[in-house]
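Notes follow once the structure below has been shown.
The numbers here are math on the coordinates, done by the rules we state, and not lab data. Here the structure is a predicted model, which is why all the values come from computation and not from measurement. Because the Cβ atoms are built from the backbone with ideal geometry, glycine has one as well, and the counts that use them run over all protein chains shown.
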Amino acid sequence: MLEYARWKYVVAVIVLIVATIYSLPNIYPQDTAVQISATRGGQVDQALKERVQGVLERNQIGFKSIGFENDNLLVRLSDPNLQIRAADTIRGEVGQGYVVALNLASTVPDWLTSIGATPMLLGLDLQGGVHFLMEVDQKAALEKRETGFVEDVRGVLRESRIAYAGVDRGANGIIIRLRDATDRDAAAGLIGRDVPQLLVENGAEPGVLVAHLRETELKTIIDNAVEQNIGTLRNRINELGVADPVIQRQGAHRIVVQLPGVQDTAQAKKILGATATLEYRAAVDGNAVEAAQTGRVPADARLYYERGTHRPILLSRRIIASGDQLVDARSGFDQQSGSPMVSVTLNAAAGARMNEFTRDNVGRFMGVVYVERLPESRIVNGEEIRTTRVTEEVINYARVNGVFGRKFQTTGLGSSSEAAELALLLRAGSLAAPVDIVEERIIGPSLGKENIERGWTAVSYAFVFVLIFFIFYYKVFGVVTNIALLLNLLLVVAAMSLMGATLTLPGLAGIALTVGLSVDANVLINERIREELRRGLPPQAAIAEGYDKASGTIWDANVTALLAGVALFAFGTGPVKGFAVTLCLGIITSIYTAVSVSRGVATLIYGSRRRKIKRVLV
């Protein structure tokens, strides 16, 4: 008998209401905007707002509004074509203390955002964004690894009580100078045994050894550096909240990074290419001022300068602990001074060294060195020259008043934003080697808008053709089918918005394919109903039999397609995943709308009548 339980109608109504609400944010267009955020030395306040508003008015750049959003100053523009001009104007006004970024600002009403209703995220091909091809600095990776081996060689010689005059990196490898030339063979054997990654050879002078990295180790170092950098870049991008980024290895030492929605390449390059870390070093006795004036620095020391005061400070060449050994880093404020700080947690090995140092050096000084490496580029004679700016500053120089180990605080940072950025970089991990951006492309929002319009036009035409065909071919059941198809599309959009899934051009293709799958299910039902009517069953019984007998076939076909979609999502990357997400969601919703919702609509039309139905328009 043609029946449909009341609770199923209640569920269908609830699903319709929820789908409508969570689909609504997608009808609100985003405003083009310029975002101003503070860096070291900058502050986002009312004075900055008045400066920005004044410079825009003087240059006759129209804007919709200027306000504070998420600790940033956001300028919403009335004309999208003015975005770049406004950004350049503001950048010239505010100077070096701020980052001025192109952005897109949401216009979704607060009552929708308060219940978690947000628009679908758009991929790089629809929203626009930046594409970087980054190359790992192989020389820097090898130098960093060789520096680690220098300490290993020193440790081997000290444990074996072999006196040495120096162990340092040279142009041709690690140069080992022994105090007694007769120890050369013994030292070479010990180093070859305990540090097998090195190939040890006799130097040109007696008592000198030269250690080179083996060929297999060179390849391993580069591979590890690329893989570690991919993980670090992914962590940094996740910390920044960029939706659905693409980070892939290309070739032996290159990495592709795509950031949808990001239009300001300067800020993106700053976060991706920056290498920021902390080094904890012991103070060295000596006259730092004299060393700075004469250039004569003790052999076991390095000369640094304190941030702000530019006071010279002598610190040990040996590092107690560094940012590479951090387990966690969180920004906040010091409870005693109220100044910005980063709460640091070291791994077990570094924590043990810190505990040992502080236990033996209570009352002595220790310095915290902030090391930042930023990629820069400039145009010289029409050619782009890429360089790297390295900054090393002592941000904290204080007396060790007690014993501490794995957990402690680092203060001396300029602002809360700097503390937050340092914590982000430390938490995300330091790059195994610097990366240079060798190719950079910006996909503008206008191109993304054109892709969206073309994609939705294709989907819309497909829907319209299907709707018209079903009405003409299946009459009343064509209307039932159209209701199911429209609800199916609404559910897909709502589900993607609620899940935070990213819509790409392949995703739009997945939606179009979903229409086809949903059509197949409804065709099976309608044709089955026709078949039952031809067998002579009464109309209501034919409708019920049509749904019952077609449901099994629909489930089998759609589950098979769903398994294929899951496989695409599990093993695919980038655009393939975008296609798989919409395909899987569309399959799930099409099963519900074709098998359940359309039956409920058919029951409303034919099943609730008390008089006997003589004819079904199908």
Rounded to the nearest 10, the angle in degrees between the Cα long axis of helix 215-240 and the longest principal axis of the Cα atoms of the chain comes to 60
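Going highest first, how would you order 11-17, 529-535, 582-588 by mean Cβ packing within 10 Å?
Values: 11-17: 14.0, 529-535: 16.3, 582-588: 24.4.
The packing order, highest mean first, is 582-588, 529-535, 11-17.
By the scheme Lys and Arg +1, Asp and Glu -1, what is the net charge of all other residues having a beta-carbon under 12 Å from that of Arg249? Don't jump to the answer; show the numbers that get you there.
Details: positive: Arg234, Arg254; negative: Glu135, Asp223, Glu227.
Result for the local shell: -1.
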Put in order of increasing Cβ neighbours within 10 Å, starting from the fewest, Glu372, Glu453 give Glu453, Glu372
For semi-axes √(5λ) of the Cα gyration tensor in Å, with candidates [x] 68, 42, 26; [y] 53, 32, 25; [z] 64, 31, 22, the value calculated from the shown model is option [z]
The helix 6-23 Cα axis meets the longest alpha-carbon principal axis of the chain at an angle in degrees, between 0 and 90 and rounded to 10, of 50
As a Kirkwood estimate from alpha-carbon pairs, segment 139-216 has a hydrodynamic radius in angstrom of 12.2
Candidate cut points under trypsin sites (Lys or Arg not before Pro) in segment 146-205, DSSP loop plus at most 16 other Cβ atoms within 10 Å of their own Cβ, are Arg161, Arg179
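As a test of the formula, what do you get for the chain when each DSSP H run with n ≥ 4 contributes -39,500 (n - 2.57) and the sum is divided by the residue count, at 222 nm and rounded to the nearest 500 deg cm²/dmol? Spell out each step's value before the answer.
On the way: 18 runs with 292 residues, N = 618.
Dividing the helical sum by the residues of the chain leaves -15500 deg cm²/dmol.
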Env charge @ Ala282, Cβ radius under 9 Å, K,R +1 / D,E -1, value +3
Counting sequence-distant residues (5 or more places) and residues on other chains, those with an amide H built under 5 Å from that of Ser339 are Asp334
